[in-house]
Amino acid sequence: MARMHTRRRGSSGSDRPVADEPPEWSDVEADDVEDRVVELAEDGYSPSEIGLKLRDEGVTGTPVPNVKLVTGKKVTEILEENDAEPDLPEDLYNLMERAVRLREHVDENPQDKHNKRALQNTESKVRRLVNYYRGDEVDQDFTYSYDVAKELL
């Protein structure tokens, strides 16, 4: 059980139903879904936002509950094939965004010890994730700092 910076155990959620093929009511062509994924990425949406948009709005009005069932590929795989993937992995980007927000808050409120600790924990997670992605998704010589994060975001 990997509890990183808290004693809490996480919340139990429902699992997605096991399915091998898309539901009958969602009869969208794989090519249309891939085109829509690339189009949304070019509009600046992240992979998870693309999944939500396809689920809620769909392609030409027909919802797409699961991109992988329709196309056989994940959203990120589709983006890689079409050279539309984001510069940073989404989880790293979100953590860096949080760290920048926290740093600005702590600079304005130096007495806020709780958020100072939260900033330390978040930056620790960022560094750990950078090490994980180093070489593949992130440059070999990339190191996290507030200034670098501010520049990237």
message: Take the residues in region 1-42 that are in a loop (DSSP other than H, G, I, E, B) and of a type in the set (A, V, I, L, M, F, W, C); name whichever of them is nearest to Thr122 (Cα to Cα).
response: Met4
- request: Consider only pairs whose beta carbons are under 8 Å apart and that are at least six residues apart or on different chains; among these, list those whose first residue lies in region 125-151 and is free of Cβ contacts under 8 Å to residues at least 12 places away in the same chain and whose second residue is in a loop (DSSP other than H, G, I, E, B).
  value: Arg134/Gln140; Arg134/Phe142; Val148/Phe142
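Residue by residue, here is whether (1) polar (S, T, N, Q); (2) closer than 22 Å to Pro89 by Cβ; (3) open to solvent by 20 Å² or more (accessible area, probe 1.4 Å) holds:
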position: Val37; (1), (2), (3): no, yes, no
position: Arg55; (1), (2), (3): no, yes, yes
position: Thr62; (1), (2), (3): yes, no, yes
position: Pro65; (1), (2), (3): no, no, yes
query: Taking the condition closer than 20 Å to Asn94 by Cβ, in a loop (DSSP other than H, G, I, E, B) and not polar (S, T, N, Q), does Gly51 pass?
result: no
message: Can you list residue pairs whose Cβ atoms sit under 9 Å apart, with the first residue in region 55-77 being at positive phi and the second being open to solvent by 20 Å² or more (accessible area, probe 1.4 Å) and assigned to a helix (DSSP H, G or I)? Count only pairs 6 or more apart in sequence or on different chains.
response: Gly58/Arg36; Thr60/Asp32; Thr60/Arg36; Gly72/Ala30
- prompt: Hey, which of the helices (runs of 4 or more DSSP H) in region 61-149, taking only ones fully inside, have at least 1 residues that are under 30 Å from Pro22 (Cα atoms)?
  reply: 67-71, 75-81, 90-108
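The values are calculated or read from the model by the stated rules, or taken from the named source; none is laboratory data. Since the structure is predicted, the reported quantities are computational estimates derived from the model, not experimental observations. Don't worry about glycine lacking a Cβ; one is built from the backbone with ideal geometry, like all the others, and counts go over all protein chains shown. The area values use the complete protein model at the heavy-atom level, side chains included, leaving out ligands, DNA and RNA. Shrake-Rupley method; radii C 1.70, N 1.55, O 1.52, S 1.80 Å.
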